[in-house]
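**Student:** My questions will all concern the structure given below.
FYI, it's all coordinate maths here, none of it is from the lab. Computed from a predicted structure; not experimentally measured. So basically every Cβ, Gly included, is an ideal-geometry build from the backbone, and we count neighbours across all protein chains shown.
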Amino acid sequence: MGENLWMKPTDTRKSVALVTGANRGIGLEVSRQLAAKGFHVVLTGRDGGLAESAARRLREEQLDVSAATMDVTDEESVHGCARIVHERVGRLDVLVNNAAVLIAEDKAVLDTTVDEFRRTFEANVFGIVSVCRAFVPAMVSHGYGRVVNVSSAAGQLSSMGTYAPAYSISKAALNAFTVQLAASVNGTGVLVNCVSPGWVRTRMGGAGAPRSVAQGADTIVWGATLPANGPTGGFFSDRRRIDW
Ligand code: NAP
């Protein structure tokens, strides 16, 4: 797993949330909002140094945030992080699968190489499968969990066109994975949904996007804090169900 940076939660009775790809962008803001709601947040990133400096910035805002290294495309890194969370915290209540890549955005589908599809699927689909395999079984054992898979309107089959083929198809696959996972844990207290954050000003979304990271994070945090009778196996934007 390489180095792992860690600060013990200050209050182990707190609910614990883990966010992937949280050193910047929407993941960082989701971490901020969940910590502000009283969670201990494990802020993870593939570069442990960047994750730790992002966590330090949130701690300076008096938020309870620790950092851990996790590259979602590296199963050893994922399982190493899960081991550390299990040993040091012993529980995970919320999992936000936020990390993703946008590769070959402007290419047409037949110009997109298999390697570009593969690299996209490694992070956006197989990475999430790997993270869920590492963390969800313990949630099921505890009888409580909220899993939010950060998807995109680009992954909606009902309106899919030619935009960013590898990315869009990976998000459609992520949505299908969400349906399968939600159905397989139905009735265990674990709710699994996917969320489209809208077009947000981040490195991925660009400076011209209409939404702030706070707006982009809102429905993700909503999905992470659903009540026991909340929905599962759905696709949401602005806290409302949207078409697949
Ligand atoms: P971003 O600014 O590009 O941030 C992406 C994050 O994912 C970074 O922290 C990046 O880490 C991390 N990441 C990439 N590959 C990783 C890996 N293998 N392991 C761990 N972390 C990895 O993107 P964003 O706009 O915040 O996007 C967050 C989520 O929202 C994504 O799922 C994206 O598809 C979705 N989304 C965004 C928009 C938008 O307009 N921004 C719209 C729809 C959906 P590094 O810093 O190390 O690269």
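**Student:** Take peptides 221-231, 104-114 and line them up by average Cβ neighbours within 10 Å, highest first, as a rough protection proxy. The partial results should precede the final answer.
**Tutor:** Details: 221-231: 15.8, 104-114: 12.2.
Top to bottom by mean Cβ count within 10 Å: 221-231, 104-114.
**Student:** Could I ask something else about it? In debye, nearest 20, what is the charge dipole magnitude of the chain about its Cα centre with +1 on Lys and Arg Cβ and -1 on Asp and Glu Cβ, if you could check? Show your work: numbers first, answer last.
**Tutor:** On the way: 25 positive and 23 negative charges, 141 e Å.
Charge dipole of the chain: 680 debye, to the nearest 20.
**Student:** Express in nm, to one decimal, how much length is gained between residue 113 and residue 160 on full extension, taking 0.36 nm for each residue of separation and deducting their alpha carbon distance.
**Tutor:** Roughly 15.0 nm would be gained on extension.
**Student:** Could I ask something else about it? Label 7 Å along Cα→Cβ of residue 176; the range 212-244 residues with amide nitrogen under 15 Å?
**Tutor:** Counting backbone N atoms under 15 Å from the label point, the list is 244.
**Student:** Separation between the residue 241 and residue 24 pseudo-spin-labels, each 7 Å from Cα along Cα→Cβ, expressed in nm?
**Tutor:** 3.7 nm
**Student:** To continue, here is another question. For the range 173-195 and the range 44-65, what is the separation of their Cα centres, given in Å?
**Tutor:** Centre-to-centre (Cα) distance: 29 Å.
**Student:** If neighbour count is taken as other Cβ atoms inside 10 Å, put 103, 220 in order from fewest to most.
**Tutor:** 103, 220
**Student:** Which of the DSSP-defined H helices in the chain satisfy a minimum axial length of 15 Å, computed from C-alpha atoms, and a minimum mean Kyte-Doolittle hydropathy of 1.0?
**Tutor:** Taking the DSSP H segments of the chain (at least 15 Å long, mean hydropathy at least 1.0), we get 127-142.
**Student:** Of 126, 228, 23, which is farthest along the charge dipole of the chain in the positive direction, counting Lys and Arg as +1 and Asp and Glu as -1 at C-beta?
**Tutor:** Farthest towards the positive end: 228.
**Student:** Taking a cut-off of 29 Å, what percent of all Cα-Cα pairs in the chain are separated by more than that?
**Tutor:** In whole percent, the share of Cα-Cα pairs in the chain beyond 29 Å is 21.
**Student:** Non-local amide H neighbours of residue 192 (under 5 Å, H modeled in plane, Pro and chain starts lacking H): which ones?
**Tutor:** Amide H neighbours of residue 192: 147, 233.
**Student:** How would 61, 116 line up from fewest to most surrounding beta-carbon atoms within 10 angstrom? Each step should come with its number before you reach the end.
**Tutor:** Working: 61 10, 116 16.
Arranged by neighbour count, lowest to highest, 61, 116 become 61, 116.
**Student:** Here's another thing I want to ask about it. State, to one decimal in nm, how far the label point of residue 61 lies from the label point of residue 86, with both points 7 Å from Cα in the Cβ direction.
**Tutor:** Result: 3.2 nm between the two label points.
**Student:** State, to one decimal in nm, how far the label point of residue 75 lies from the label point of residue 188, with both points 7 Å from Cα in the Cβ direction.
**Tutor:** Rounded to a tenth, the inter-label distance reads 1.9 nm.
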